[in-house]
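Working notes, structure below.
The values are calculated or read from the model by the stated rules, or taken from the named source; none is laboratory data. Worth saying up front: this structure is predicted, and the values here are computed from it rather than measured. FYI the Cβ positions are ideal-geometry reconstructions off the backbone, even for glycines, and counts take in every protein chain you see.
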């Protein structure tokens, strides 16, 4: 198994106030946004993106619409690879 890497993100506390988010909820949301964008850019598979987001693949795919990302925007070859890697 691979180790984990931590990345520190510094921002003004006013951002959390403006978003009305707790630090933990913001962290969860930020991970999902990053994972969704990397998936959309075809940098990560759905399985890899789900791991980054801290969720399972099905939940990740079902929630992509919240971030304006289509779960079905893939070529036939990409679908075959996703099925093979599932």
Residue match in region 59-70 (condition: outside any helix (DSSP H, G or I), modelled with pLDDT under 95 and surrounded by fewer than 16 Cβ atoms within 10 Å (Cβ to Cβ)):
yes
Filter region 7-24 for residues that are out of contact with any helix residue (DSSP H, G or I) (no Cβ under 9 Å at 6 or more places or on another chain) and under 23 Å from residue 59 (Cβ atoms); which is modelled with the highest pLDDT?
24
If you go through 77, 84, the only one that is within 25 Å of residue 2 (Cβ to Cβ), over 13 Å from the mean Cα position of the chain (by Cα) and part of a helix (DSSP H, G or I) is 84
Identify the single condition in (1) surrounded by fewer than 10 Cβ atoms within 10 Å (Cβ to Cβ); (2) under 11 Å from the mean Cα position of the chain (by Cα) that residue 12 does not satisfy, given that it satisfies every other one.
(2)
Residue list for region 15-45, filter: surrounded by 13 or more Cβ atoms within 10 Å (Cβ to Cβ) and either in contact with a strand residue (DSSP E or B) (Cβ under 8 Å, 6 or more places away or on another chain) or touching a residue at least 24 places away in the same chain (Cβ under 8 Å) (or both):
28, 32, 33, 35, 36, 37, 39, 40, 45
Scan of region 46-55 for residues that are over 18 Å from residue 27 (Cβ atoms) and surrounded by fewer than 18 Cβ atoms within 10 Å (Cβ to Cβ), ordered by number
47, 48
